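Here's the structure we're looking at; comments come further down.
We did not get these values from a lab; they are worked out from the coordinates using the rules stated. None of these values were measured; they are calculated from a predicted model. Reconstructed Cβ throughout: ideal geometry from the backbone, glycine too, with neighbour counts over all protein chains shown.
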Amino acid sequence: MNNNYTVIGQPDLRIDDDTWKQIANLEEAITDAFNAALFVADLSVKAYGETVSATIVLSDDARLEQLNSQWRSKPKPTNVLSFPAPQGERDENGNRYLGDMILAYGVVAGEALQQSKALETYLCHLVIHGALHLLGFDHMEDDEADKMENLEKAAMKELNLPDPYLPVSAKQENTET
């Protein structure tokens, strides 16, 4: 992965479902994707004078189904949920804390397969998507969705990964990982 920008965020990675561990360079991929999202959203160290952090939990479908039902009244698993921290929140190191993100292995792996995308590439896209939510971006209105999608595309480009909104053939995808 490409890392041509200053690391400005340090996610605290927690793995609740060991199935995630099959992804090579898992922690590096997540950290790079998180930082690419911060970079394209123009969250710079100069703006805060510090690094920022978040918790990223790699879990399973059952946990995401429970959380999705509890917080969004949707009793089914989803790929990623983001829970922004209150403004001014700090982590144990005193860094600005953005919030929590949790991903479901089964949903993510199934969607990656359905879209003919490498699991690591799709995970990076979802970490970027979730990080943008932690930063306050949303996609409820068309103009918001366009802005968020453009940031996701830019972050993926920073990582030398394909546009997540273009259909990808399996042959193209396999040459990128």
Review point. Mind ordering 33-42, 114-123 by average Cβ neighbours within 10 Å, highest first?
Key: 33-42, 114-123
Review point. Points 7 angstrom from Cα along the Cβ direction at Asn160 and Leu13: gap in nanometres?
Key: 1.9
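When you have a sec, figure out the Kirkwood radius of segment 55-149 from all distinct Cα pair distances and drop it here in Å to one decimal?
Working: mean 1/r = 0.0706 Å⁻¹.
Answer for segment 55-149: a Kirkwood hydrodynamic radius of 14.2 Å.
Work out the length of the dipole vector of the chain about its Cα centre, built from +1 on the beta-carbon of each Lys and Arg and -1 on the beta-carbon of each Asp and Glu, and round it to the nearest 20 debye.
Working: 14 positive and 30 negative charges, 15 e Å.
That gives the chain a dipole magnitude of about 80 debye.
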Review point. Using 7 Å Cα-to-Cβ label points, what is the Lys74/Ala62 separation (nm, one decimal)?
Key: 2.2
Review point. Given the convex hull over the Cα atoms of the chain, what projected area results after averaging over all orientations, in nm²?
Key: 10.1
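Of Arg90, Arg63, how do they rank once you tally other Cβ atoms within 10 Å and put the fewest first?
Details: Arg90 12, Arg63 18.
Arranged by neighbour count, lowest to highest, Arg90, Arg63 become Arg90, Arg63.
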